[in-house]
Amino acid sequence: MDAEAIRMLAAGLAMGLGAIGPGIGIGIIGYGAMQALGRNPEARGPIMTNMILAIAFAEAIGIYALIVAILIAGKILG
Amino acid sequence: MPKRRYLGFSLPVLVGIIVVILALGLISLLSGALGRSFFGDIGLPGWLSVPQPHPELPADVVFHLLGFPITNSIIAAWLSIIILVGISYAVTRRLKLIPTRLQSLLEATLGWLLSFCQEVAGEKNGRRFFPVVATIFLFVLTNAWLGLVPGFGSILITNAEGETVHLLRGANTDINLPLALALISFIFVEYWGISSLGGLRYLRKFANVGRFFRGIGQLLRGRLRAGLTGIFNGAIDVFVGVLETLSELIRIVSFTFRLFGNMTAGEILLLIVAFLAPWILALPFYGLELLVGFVQALIFAGLTLVFATIAVTHHAAETA
């Protein structure tokens, strides 16, 4: 396998595998927020604010994987 | 009986508008790369097709000023500074009791930001954190939305070395700007913590060696059991202190890459969608980019606010 092929494979794997965790995490956060909202619709403000905050943390991990994929595919890394 | 109006138009006009939009969408699909790979070259005019994008991460240098290379993202950042300062100056030059439209827009924005700060941080601290947090929010938002205006990424200019580079590029896509904002946010959070709690007490969060040394002291004085528990708990405290320090520093990296990654990924997405299906079919992605810009600005400012609030609240259990 030559270097180009492995580079393509590495970029794809980096992004693909790196998106599993954040995807599931954001789903779980949304599930918790929906449950909380269903129990107490009046607390919509704090629930939404904290949900957005938690989603930002989880999404940042996915962005790190994207950065690595871009660096590998753009020949800046490896 | 008045005729039924749909969205303000009568039915034939609405049908006509939808047909025109669908036709433009079809032309846009055919002229892009997707259409060309399905249907081949059917002879659409050359100005309808978009060249293949070559996204590159470091920003291109446009000219040199006093020995500093000025990149196209710096020019875009200057443009958003000019816009923000210009609007603020024009509005506050003559404040009226019954506000003009621009003044009420600015008042609504700042009022919403102030209530957001006070909701998260409490009243006094909210007002105290408001200037920096609001500045970060407005600057990131203006940079993000300005990058969507036509002209960004399409105006070409020949720089001093003779290369053809883009004149303007979204300022958040250069990694230096998110890094600078993350450093500013870090410095301000530490400053607020130190000025609220007092220097030594705040820094003790990171180097919590009190209990450890007290444990050693008790051991030397002969109280074995108290000494050993002191040393054990003290060791845990020191370890937690190291973790806190690391998490403060990792926060800088995390802020930087969150903003940079979202903005760069958005820019590359827009370039590729414009290449695949230009014109009408790229519009939903512009809407997505508007939303992402707003959310990322809110996240950056909001996280700064949350970490500042954590930094100024007193430690719940200092000596268990």
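Every read-out reported here was derived from the displayed coordinates using simple, explicitly stated rules and does not represent laboratory data. Here the structure is a predicted model, which is why all the values come from computation and not from measurement. Reconstructed Cβ throughout: ideal geometry from the backbone, glycine too, with neighbour counts over all protein chains shown.
Taking all pairs of different Cα atoms in region B:1-140, averaging 1/r and flipping that mean, what Kirkwood radius in angstroms comes out?
21.5
Helix B:11-31 versus the longest principal axis of chain B: what is the Cα-based angle in degrees, 0 to 90, to the nearest 10?
The two axes meet at around 80 degrees.
Quote the convex hull volume per residue of the protein assembly as shown, based on C-alpha atoms, as a whole number of Å³.
That works out to 281 Å³ per residue.
Against the longest alpha carbon principal axis of chain B, how many degrees, from 0 to 90 and to the nearest 10, is the axis of helix B:176-197 turned?
The answer is roughly 30 degrees.
So if I average 1/r over every pair of distinct C-alpha atoms in region A:16-73 and take the inverse, what Kirkwood radius in Å does that give?
About 12.4 Å, per the Kirkwood formula over Cα pairs.
Please compute the modelled spin-label separation between A:Met1 and B:Leu95, points set 7 Å along Cα→Cβ, answer in nm with one decimal.
In this crude label model, B:Leu95 to A:Met1 measures out at 6.5 nm.
How much length, in nm to one decimal, is gained on full extension between B:Phe206 and B:Glu163, taken as 0.36 nm per residue of separation minus their Cα-Cα distance?
Here the answer is 10.5 nm.
Take B:Tyr89, B:Tyr286 and order them by how many other Cβ atoms sit within 10 Å, fewest up front.
By the 10 Å Cβ count, ascending, the order reads B:Tyr89, B:Tyr286.
Counting pairs of alpha carbon atoms under 8 Å apart in space and at least six apart in sequence, what relative contact order in percent does chain B give?
25
Compute the acute angle (0 to 90°) between the alpha-carbon long axis of helix B:72-92 and the principal axis of greatest extent of the alpha-carbon atoms of chain B; round to the nearest 10°.
Helix B:72-92 and the main axis of chain B meet at about 80 degrees.
How many angstrom lie between the Cα centre of region B:204-227 and the Cα centre of region B:58-92?
Using only Cα atoms, the two centres lie 55 Å from each other.
Could you estimate the translational diffusion coefficient of chain B from the Stokes-Einstein equation, with Rh from the Kirkwood formula over C-alpha pairs, at 10 °C and 1.306 mPa s, in whole µm²/s?
Taking Rh from Cα pairs, D becomes 65 µm²/s.
Per-residue Cβ counts within 10 Å, from other chains only, averaged over A:47-59: what number is that?
Average per residue, whole number: 3.
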